Every structure is written in C-alpha cells, then in structure tokens.
Amino acid sequence: MNSDKMKIFHIAFLTIFLALLLPPVAEAQPEEGPYRGYYFEGDEVVFEFDLRYFEEATLHSTEKKVDFDDLDIYEVAVAGDFNNWSRKKWVMKKVGTQRYQLRKKIIDFDDAFKWEYKFVVNGKYWAEPSEAITNKSKVTHGKKVWKDAYNLSLFPARQTTDGNSSFFLPGFESAQKVVLSGSFNGWDEEAFVMDKVEGGWATRLQLEAGRYEYKFIVDGQWMEDPGNPEKRKNEHHTFNSILYVTKLSTFRLENFDEAQKVFLSGTFNDWKPDDIRMQRKGNAWSATIDLPGGKHWYKFIVDGKWIVDPANPFREHDGMGNINSVVVVK
C-alpha cells in the first residue's frame with residue numbers, strides 16, 4: 001500500500017473511531033415551555049410534529065389503534081378546521097430524525113379564536129396526543145362528545161413577553177396556580193398559566209384588534225378582573241371583564257390639491273363632521289387614528305362636501321339611501 005492510500009486509510013479509521021466515542025447529539029427542542037404542536041415565530045405559525053410526544057395513532061375511519069413503533073413513517077401532514085381537515089394539503093417537511101415542521105402565515109387564517117387540528121401520518125393514521133400535551137380538547141360532533149377522542153387546539157392569541165395586552169391580578173400570593181381564560185382562547189382552562197410576580201400574577205398576550213371577554217381562574221375558582229371596571233353580566237349570573245384592543249389605522253385621500261379643509265368622519269366618531277381633521281402630506285390628505293377591531297363605515301368631507309374614498313372599492317349601503325366606504329380592522 002503506497003503512502004497516499006495509507007493516509008486515506010488512517011483518516012477514515014480515525015473518523016469512524018471518533019464517531020463511536022462521541023455521544024449522539026440530542027435534537028434541540030425549538031420552543032420553551034410545554035410542547036403544544038405549534039409555536040409562533042414572527043408572522044408565522046410553525047406546526048411541529050415531534051414523535052417523542054405521541055405513542056399511538058388511529059387508522060382513518062376506524063377505531064383501530066396502532067403503536068408508532070409499528071409505523072414506517074414517510075409522510076406527516078397537518079389537518080384541521082383551517083384546511084377543511086384535508087389529510088393531504090398541508091404536508092410537513094422533515095427537519096430531524098423525529099421532527100417535522102410546516103410554516104404558515106398568520107394572516108392566512110380566518111378570524112376564529114380557536115382552531116382544532118391533528119397530525120396525519122402516511123395519509124391515514126391520526127396521531128393521538130399523549131398526556132404530556134396540555135392543549136388537548138375533546139372531539140365533538142354537533143352536541144355529541146366522543147369518548148376518549150382528542151384534537152389539539154391552536155389559539156391565535158399567544159403569550160409573549162412583548163405582547164400588546166397586559167393582564168395583572170394583584171394579591172393571591174398563596175395561590176398555587178392562576179390561569180387567564182377568555183373569548184380569545186375559547187375559554188380554555190389550562191392554556192394561559194400566569195406568572196407569579198411581585199405583588200400578584202401577570203402575563204401578556206399578543207391579540208388582534210377587537211373586543212374580548214375574560215376572567216381569572218385562581219386555584220380553580222373563576223373571578224372577574226378587580227382592576228378593570230369594564231364588565232358585563234354573563235349567563236352564570238357573574239361578570240366577565242371586557243378588554244378592547246385597538247389598532248392604529250391610517251386613512252389617505254390623494255390629490256384634491258385645491259381643498260382648504262378635509263375631515264374624516266365615520267361610525268367610529270358618530271359621524272361628527274369636524275372631529276378628525278386630516279393633514280396635508282405631499283400629494284395626499286392623511287389621518288391616523290386608533291380603531292377597535294371590526295367593520296367601520298366612513299367618508300371624507302372635502303370643503304363641506306361628503307365623498308366616499310375613491311381609492312377603496314369596498315362600499316356598502318346604509319339602508320337610508322347613502323353609500324359609505326368600508327374598512328375592516330383585524
């Protein structure tokens with residue numbers, strides 16, 4: 001054997017020897033806290049199937065259970081309310097020996113406060129969530145609850161340290177667990193556990209613009225927010241606290257160079273004609289205001305003349321012979 005071949009042999013032998021000595025590298029867990037099957041990253045929802053959190057699957061259209069150890073996995077997909085429970089549309093990408101991922105833009109989802117979903121293996125096996133997964137929900141069809149059948153829940157509202165909505169419950173320092181529950185997460189009793197901080201319990205959520213109702217659950221006991229005077233009586237003859245989340249919205253009216261005064265008026269200010277004066281910026285008149293979530297009707301008033309927004313094709317009749325421009329805040 002010549003010297004070059006000997007060098008190649010020695011390098012190959014050393015590589016194999018070191019590989020046998022070194023311990024296997026564990027796959028990193030990408031999210032902090034409990035595994036939920038999804039997490040948020042920027043403006044995306046990242047679905048993640050991690051085989052370590054699933055033990056068995058159910059064969060489609062049957063009650064037959066199969067151990068994951070007996071499955072030769074070649075494909076995993078996400079099926080749920082958001083894609084009409086298709087077993088083939090949202091196929092995931094393999095990112096590790098036991099992990100698959102799929103990324104979707106948050107804006108691709110509708111305005112529901114909660115979606116149910118499940119992972120589908122090889123197009124026909126529904127992965128059953130284990131006890132370690134907290135965001136399980138009983139499968140229901142109509143008013144019938146399926147025994148021992150669970151889906152996973154996804155909430156567009158999410159806990160994050162820089163969320164736009166803060167919640168604080170003072171006191172209760174001897175409490176073992178405090179949960180925030182509301183219309184933003186389908187009144188889930190486990191999803192949003194609050195942090196114990198100095199003087200009480202706190203958390204922050206990232207919420208879309210809109211009106212929300214909520215309560216605190218202190219060691220299993222439901223209570224309204226004592227620091228929020230906005231509330232309404234519910235069907236249980238107690239009170240839900242109310243939160244309004246607004247969003248900055250800019251209105252622009254281009255051209256109209258000769259106009260002296262331009263105002264913005266709509267349902268958000270009771271159609272007051274001189275409440276929101278627009279400012280001239282370049283070739284456009286502009287106004288930025290805080291708006292709650294939902295649909296709003298509006299018009300511009302140019303030197304006393306009411307006009308619809310020429311740049312906005314979305315318009316509606318108000319039932320009284322008028323046509324208004326429409327903006328939807330999410």
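Looking at the stretch 267-285, I want the residues that are touching a residue at least 24 places away in the same chain (Cβ under 8 Å) and have a partner that is loosely packed, with under 14 Cβ neighbours inside 10 Å with Cβ atoms under 6 Å, at least 6 apart or on another chain. Which pairs are those?
The qualifying pairs are ASN283/GLU254; ALA284/GLU254.
Among the residues of the stretch 221-256, write down those that are over 29 Å from VAL326 (Cβ atoms), part of a loop (DSSP other than H, G, I, E, B) and without any contact (Cβ under 8 Å) to a residue 24 or more places away in the chain.
GLU224, ASN228, PRO229, ASN234, GLU235, HIS236, HIS237, THR238
Only residues that are surrounded by 13 or more Cβ atoms within 10 Å (Cβ to Cβ), free of Cβ contacts under 8 Å to residues at least 24 places away in the same chain and part of a helix (DSSP H, G or I): list them for the stretch 69-96, please.
The answer is ASN83, and nothing else.
Just to be sure I understand, how many residues within the stretch 257-300 are buried (at least 18 other Cβ atoms within 10 Å of the Cβ), modelled with pLDDT under 95 and part of a loop (DSSP other than H, G, I, E, B)?
Residues flagged as buried (at least 18 other Cβ atoms within 10 Å of the Cβ), modelled with pLDDT under 95 and part of a loop (DSSP other than H, G, I, E, B) within the stretch 257-300 amount to 1.
Does at least one position in the stretch 183-197 carry a residue that is buried (at least 19 other Cβ atoms within 10 Å of the Cβ) and free of Cβ contacts under 8 Å to residues at least 40 places away in the same chain?
Keep residues of the stretch 183-197 that are buried (at least 19 other Cβ atoms within 10 Å of the Cβ), which gives 184-185, 188, 191-192, 194.
Narrowing the set further to residues that are free of Cβ contacts under 8 Å to residues at least 40 places away in the same chain leaves 192, 194.
Yes, because at least one residue in the stretch 183-197 is buried (at least 19 other Cβ atoms within 10 Å of the Cβ) and free of Cβ contacts under 8 Å to residues at least 40 places away in the same chain.
If you scan the stretch 183-235, which residues turn out to be over 25 Å from the mean Cα position of the chain (by Cα) and farther than 18 Å from GLU173 by Cα?
PRO229, ARG232, LYS233, ASN234, GLU235
Out of all the residues in the stretch 308-325, is one or more in contact (Cβ under 8 Å) with a residue 12 or more places away in the chain, out of contact with any Lys or Arg (no Cβ under 6 Å at 6 or more places or on another chain), surrounded by 13 or more Cβ atoms within 10 Å (Cβ to Cβ) and among the charged types (D, E, K, R)?
For the stretch 308-325, residues in contact (Cβ under 8 Å) with a residue 12 or more places away in the chain, out of contact with any Lys or Arg (no Cβ under 6 Å at 6 or more places or on another chain), surrounded by 13 or more Cβ atoms within 10 Å (Cβ to Cβ) and among the charged types (D, E, K, R): present.
Residues that are touching a helix residue (DSSP H, G or I) at 6+ places or on another chain (Cβ under 6 Å), modelled with pLDDT of 95 or more and within 15 Å of VAL46 (Cβ to Cβ): does the stretch 85-93 have at least one?
Yes, some residue in the stretch 85-93 is touching a helix residue (DSSP H, G or I) at 6+ places or on another chain (Cβ under 6 Å), modelled with pLDDT of 95 or more and within 15 Å of VAL46 (Cβ to Cβ).
The values are calculated or read from the model by the stated rules, or taken from the named source; none is laboratory data. As the structure is a computational prediction, the values presented were derived from the model and not from experiment. All Cβ positions, glycine included, derive from the backbone under ideal geometry; neighbour counts span all protein chains shown.
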